[in-house]
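K.L.:
Take a look at this one; I'll ask things after.
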């Protein structure tokens, strides 16, 4: 590889590292950050610690699956950051926020969700929570669960996810 090629590769690696470091929900939300385990062929997200904490604190889970290189995820995260003053009381009242960190390069077949001894591929996990929609892995993705991982409602995903304060608050308050 030429010197220019090495320089360009180093630039792209630095940019990707910067974007990955900046990815995720804003710090103000005190999210439980879950990095994938299992290597490149299996990105497993373990919800067990978050579920245990939710049970102990009598809270629900707001689980966010975002990709570090997803522009729609960055838009949603920027929205949450910009509106934290208005939204945080609604999140903190009933929810633990969980931030699953992924990448657009991770295929749905390689995503697994673990809860205790059970680890399910993404599609099976979706079916296990009653989501029968034939959908691909779309970012950002949000799930609302009780402390036993029972879904509280079907959630939309992808671009345009709750980008107004009233919409976000309504979602958080729909489940009583």
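K.L.:
Failed condition for residue 104, given (1) without any contact (Cβ under 8 Å) to a residue 40 or more places away in the chain; (2) touching a helix residue (DSSP H, G or I) at 6+ places or on another chain (Cβ under 7 Å), with all others met?
P.N.:
(2)
K.L.:
Select from the range 56-67 the residues that are more than 15 Å from the chain's Cα centre (by Cα) and either at pLDDT below 95 or at positive phi (or both) and list them in ascending order.
P.N.:
Result: 58, single match.
K.L.:
Among the residues of the range 27-43, is any modelled with pLDDT of 75 or more, more than 12 Å from the chain's Cα centre (by Cα) and buried (at least 18 other Cβ atoms within 10 Å of the Cβ)?
P.N.:
From the range 27-43, those modelled with pLDDT of 75 or more are 27-38, 41-43; that's our starting set.
Then keep just the ones that are more than 12 Å from the chain's Cα centre (by Cα); that gives 27-30, 37-38, 41-43.
Next, only the ones that are buried (at least 18 other Cβ atoms within 10 Å of the Cβ) stay: 29, 43.
Yes, the conditions are met somewhere in the range 27-43.
K.L.:
A follow-up question, please. State whether one or more residues within the range 68-76 are within 24 Å of residue 138 (Cα to Cα), modelled with pLDDT under 95, in contact with a strand residue (DSSP E or B) (Cβ under 8 Å, 6 or more places away or on another chain) and in a loop (DSSP other than H, G, I, E, B). Before the answer, list the steps.
P.N.:
Going through the range 68-76, the residues within 24 Å of residue 138 (Cα to Cα) turn out to be 68-76.
Narrowing the set further to residues that are modelled with pLDDT under 95 leaves 68-76.
With the extra rule that they be in contact with a strand residue (DSSP E or B) (Cβ under 8 Å, 6 or more places away or on another chain), the set shrinks to 68, 73, 76.
Narrowing the set further to residues that are in a loop (DSSP other than H, G, I, E, B) leaves 68.
The answer is yes; a qualifying residue exists.
The values are calculated or read from the model by the stated rules, or taken from the named source; none is laboratory data. Predicted model, so just to flag it, every value in this text is computed and none were measured. As a convention, Cβ positions derive from the backbone with ideal geometry for all residues, glycine included, and neighbour counts pool all protein chains shown.
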